[in-house]
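Below: one structure, written as structure tokens.
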Amino acid sequence: MFNPKSNGWDAALNGAYAYDPAKAKALLAQAGAAQGFTMSMPVPVYPNLQPLLTQQLAAVGIKINWVNVPNAQTNDQYLSGKFPVVWYQLQSSDPWQGINFWGTRSAPWNPLHNDDPAIDQQITAVQQSGAEPAELHRLAKLYIDKAWFVPAYFPDAVYFTSAKVDATPQALQIVPSIANYKPAK
């Protein structure tokens with residue numbers, strides 16, 4: 001869950017959710033849904049992902065009832081708690097900021113208010129350690145093992161400039177700080 005450029009990144013967890021339809025089908029059968037199921041999901045903010053998600057989930061027996069959400073209501077609808085799953089690109093910054101953004105019961109990007117005693121205990125350990133990498137790695141493993149999120153990619157910083165402006169991306173920031181912009185030479 002943590003940015004590859006942060007001290008929370010644990011390379012050992014990379015690929016933990018490799019696409020494996022046979023394993024997914026077995027897990028669905030184990031959960032009592034061997035015949036699959038249908039669920040509602042808002043159309044992704046990046047609609048080019050919709051066909052891919054439809055195909056990959058259908059391959060394991062999950063049919064998606066796509067719900068159109070007006071752009072002006074995207075965040076409100078995603079955070080409403082009425083969808084069991086949403087596809088969204090969350091920020092990927094400092095681990096402690098991320099934990100508070102999406103990783104606690106009261107975090108704004110935890111709309112279903114998921115809670116887990118082991119995760120709560122590990123968040124406390126992270127906080128008490130001053131966010132030591134080993135404690136962050138243990139927390140990341142819990143998020144992965146308990147499938148709170150399915151990280152698919154970590155985008156680099158996104159920014160636009162003109163030919164007259166240079167910008168230097170900054171690790172753990174969504175966009176470069178204003179100090180990282182300067183006139184082009």
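Taking helices (runs of 4 or more DSSP H) that fall entirely within the stretch 1-85, which contain at least 2 residues that are open to solvent by 80 Å² or more (accessible area, probe 1.4 Å), touching a residue at least 60 places away in the same chain (Cβ under 8 Å) and not aliphatic (A, V, I, L, M)?
The helices (runs of 4 or more DSSP H) meeting that bar number zero.
Collect the residues in the stretch 124-143 that are open to solvent by 50 Å² or more (accessible area, probe 1.4 Å) and either farther than 24 Å from Leu13 by Cβ or in a loop (DSSP other than H, G, I, E, B) (or both), keeping them in residue-number order.
Gly130, Glu132 - these are the residues of the stretch 124-143 that are open to solvent by 50 Å² or more (accessible area, probe 1.4 Å) and either farther than 24 Å from Leu13 by Cβ or in a loop (DSSP other than H, G, I, E, B) (or both).
Would you mind stating whether Ile99 is in contact with a Gly (Cβ under 7 Å, 6 or more places away or on another chain), under 24 Å from His113 (Cα atoms) and β-branched (Val, Ile, Thr)?
No, not satisfied.
Of all residues in the stretch 96-121, count the ones that are farther than 17 Å from Asp145 by Cβ and either touching a Pro at 6+ places or on another chain (Cβ under 6 Å) or touching a residue at least 60 places away in the same chain (Cβ under 8 Å) (or both).
1
What residue, among those in the stretch 86-100 that are assigned to a loop (DSSP other than H, G, I, E, B) and among the aromatic types (Phe, Trp, Tyr), is modelled with the highest pLDDT?
From the stretch 86-100, those assigned to a loop (DSSP other than H, G, I, E, B) are 86-94; that's our starting set.
Next, only the ones that are among the aromatic types (Phe, Trp, Tyr) stay: 87-88.
On the way: Trp87: 84, Tyr88: 79.
So, considering only residues that are assigned to a loop (DSSP other than H, G, I, E, B) and among the aromatic types (Phe, Trp, Tyr), the one modelled with the highest pLDDT is Trp87.
So, in the stretch 144-171, how many residues would count as being more than 20 Å from the chain's Cα centre (by Cα), at pLDDT 80 or above and assigned to a loop (DSSP other than H, G, I, E, B)?
7
Among the numbered criteria (1) of a type outside the set (A, V, I, L, M); (2) open to solvent by 70 Å² or more (accessible area, probe 1.4 Å); (3) more than 18 Å from Asp94 (Cα to Cα), which one does Tyr153 miss?
Tyr153 satisfies all of (1) of a type outside the set (A, V, I, L, M); (2) open to solvent by 70 Å² or more (accessible area, probe 1.4 Å); (3) more than 18 Å from Asp94 (Cα to Cα) except (3).
Could you tell me which residue of the stretch 102-123 is farthest from Pro84 (Cα to Cα), considering only residues that are polar (S, T, N, Q) and open to solvent by less than 60 Å² (accessible area, probe 1.4 Å)?
So, considering only residues that are polar (S, T, N, Q) and open to solvent by less than 60 Å² (accessible area, probe 1.4 Å), the one farthest from Pro84 (Cα to Cα) is Gln122.
Kindly provide the set of residues from the stretch 111-140 that are farther than 29 Å from Asn75 by Cβ and among the charged types (D, E, K, R), ordered by number.
Answer for the stretch 111-140, where residues must be farther than 29 Å from Asn75 by Cβ and among the charged types (D, E, K, R): Glu132, Glu135, Arg138.
The values are calculated or read from the model by the stated rules, or taken from the named source; none is laboratory data. It should be emphasised that the depicted structure is a prediction, and the values quoted were computed from it without experimental measurement. A quick note on method: Cβ atoms are made from the backbone with ideal geometry, for glycine too, and the neighbour counts reach across all protein chains shown. Heavy atoms of the whole protein, side chains included, go into the accessibility calculation; ligands, DNA and RNA do not. Shrake-Rupley method; radii C 1.70, N 1.55, O 1.52, S 1.80 Å.
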